[in-house]
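Novice: Provided herewith is a single structure, encoded as structure tokens, for subsequent inquiry.
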Amino acid sequence: MRHPLACLLFAAILATGCASDGEPTAEQKEKMLEVYKETAQSLFSMGEVERAAGQAMKGLELAPDDQELKLILAWSLQKRGRTEDVGRAEALFREVAPSGDFRALLGLGDALERKGLAFAEAADKIESGDRVTEAADPRKRVADLRAKSLEAWREAVGWYRATIDKQRENSDAWGGLLRVHSLLGERPAALEAARRALEHSRADYDFWESRVRATDVRVEEERRMRALIGRKQKILVATHLSAYQLCVDEGLPDEARTHLDAALALDPNRSECYSRRAQLNLDSGRCKEAVEDIDQFLRLSTLAFEHPDMRKAWQLRREAEACVKRQQASSAAGG
């Protein structure tokens, strides 16, 4: 079913295009172009990327060099996500990037990140035998694909940083740097990006949390804002979990635990956070807290009893209980 606003804009296109016989005048073309832009942007904001792309392409038929329409089309293709779509989006972003528009810089970083992932996935499938290659030397083909993935990710770093040069508080660009530095195995840089992404994402989340409680917010606005807050919450939790793993890898258990605490404050039913925190607690000698956390994981988890993660959880619980008993025995002996 068409959104009412989209229907009105579509009707405006028809009315403008039919205002006179023959070729539209320059003024009519300008009005049609504005309507295509508004329609495409409206559809994109509603998540209707297929139709947004269609409207943007119609607008580009009138004005092939229009950068706003190129950006809407590029982001619509990017959201659609097929490999060929991402390739087309990359080309469009490269056309607009010299203008310095941060949306083009960010989009190009995102496109290259996805491109690198596609190369890496292809390499994995050939290496595992899940995909047949016509290359004379399959191992060389795998190595070439991995080299292309690294090249794409390294270029993505540059475009994400160019975005940040334009907008220091752009949490999407910081999040992109977190992912790409992680893919490149550059953990210290990834962790620093995670900290900055969390700083800016949290400020954004807190702003919308306060805004949605304002007395002048209409029902429809509140619905949209709550949906936005929900998406931002998921991003925050995912970023905290990425930061947690980076901290573990870098030998920073206290900061790792802080990230798990923050993730659970946002989503108290995130079961895997409890099992991870239980391990950190056990490793640091917080044995009672480890038992409490693993019990919470076991209560919340929907995994089958035979699942490897469940078996690990029960083993962790036995180790935590044994630790508690040793501490109790030591305390009694000392007393």
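Novice: If you take the beta carbon distance between Arg299 and Val212 as r and set R0 to 41 Å, what does 1/(1 + (r/R0)^6) give as a FRET efficiency, to the nearest 0.05?
Specialist: Result of the calculation: an efficiency of 0.85.
Novice: While we're looking at this one, here's another question. With mean projected area of the Cα convex hull in nm² as the read-out, I listed [x] 16.0; [y] 25.7; [z] 20.4; which label goes with the value calculated from this structure?
Specialist: [y]
Novice: By how many nm would the segment from Ala333 to Thr258 grow when fully extended, if each residue of separation counts as 0.36 nm and the alpha-carbon distance is taken off?
Specialist: 23.7 nm
Novice: Stokes-Einstein at 10 °C, 1.306 mPa s, Kirkwood radius from Cα pairs: D for region 13-159 in µm² s⁻¹?
Specialist: Rounded, D is 93 µm²/s.
Novice: Ok, one more. Compute the length gained on full extension between Arg168 and Asp144: take 0.36 nm times their separation in residues and subtract their Cα-Cα distance, giving the result in nm to one decimal.
Specialist: 5.1 nm
Novice: To continue, here is another question. Could you state the principal axis extents of the C-alpha atoms in region 56-127, from the largest down, to the nearest angstrom?
Specialist: Principal axes ranked by extent give 46, 24, 15 Å for the Cα atoms.
Novice: At q = 0.11, 0.12, 0.25 Å⁻¹, what is the base-10 log of I(q)/I(0) for region 194-270 according to the Debye formula with one equal point scatterer per Cα and no solvent? Please give it to two decimals.
Specialist: Summing over Cα pairs of region 194-270 leads to -0.33, -0.39, -1.11.
Novice: I need the calculated FRET efficiency for the pair Thr83 and Glu250, taking r as the beta carbon distance and R₀ as 45 Å, to the nearest 0.05.
Specialist: So the FRET efficiency works out to roughly 0.85.
Novice: Work out which trypsin sites (Lys or Arg not before Pro) in the chain are exposed loop sites (DSSP not H, G, I, E or B, at most 14 other Cβ within 10 Å) and give the longest gap free of them.
Specialist: 219-335
Novice: How many percent of the alpha carbon pairs in region 91-203 exceed a separation of 17 Å?
Specialist: When all Cα pairs of region 91-203 are counted, 57 percent exceed 17 Å.
Novice: Of the listed pairs Lys79/Lys166; Lys234/Lys325; Lys37/Lys232; Lys58/Lys234; Lys288/Lys312, which have alpha-carbon separations greater than 29 Å here?
Specialist: Lys234/Lys325; Lys58/Lys234
Novice: Provide the FRET efficiency to the nearest 0.05 for the Glu272-Asp65 pair, computing r from the beta carbons and using R0 = 35 Å.
Specialist: My answer for the efficiency is 0.10.
Novice: Straight-line reach from Lys29: which aspartates and glutamates have Cα under 19 Å away, leaving out those fewer than 8 places along the same chain?
Specialist: Here the aspartates and glutamates satisfying the reach criterion relative to Lys29 are Asp21, Glu38, Glu61, Asp65, Asp66, Glu68.
Novice: List, in order, the whole-Hz ³J(HN,Hα) value for each residue of region 76-85 obtained from phi through the Karplus relation with A = 6.51, B = -1.76, C = 1.60 and θ = phi - 60°; use x for Gly and Pro.
Specialist: 5, 5, 4, 5, 5, x, 5, 4, 5, 5
Novice: Something else now. What's the angle, to the nearest 10 degrees (0 to 90), between helix 253-266's Cα axis and the longest principal axis of the chain?
Specialist: The helix 253-266 is inclined about 60 degrees to the chain.
Novice: In which sequence would Thr302, Thr25, Thr133 go, from the one with the fewest C-beta neighbours within 10 Å to the one with the most?
Specialist: In increasing order of surrounding Cβ atoms, one gets Thr302, Thr25, Thr133.
Novice: Over region 23-122, what relative contact order in percent results from Cα pairs under 8 Å that are six or more residues apart?
Specialist: 19 percent
Where a number appears in this text, it was derived from the coordinates with a stated rule and is not lab data. Not measured: the values here are computed from a predicted model. Backbone-built Cβ (ideal geometry, glycine too); neighbour counts: all protein chains shown.
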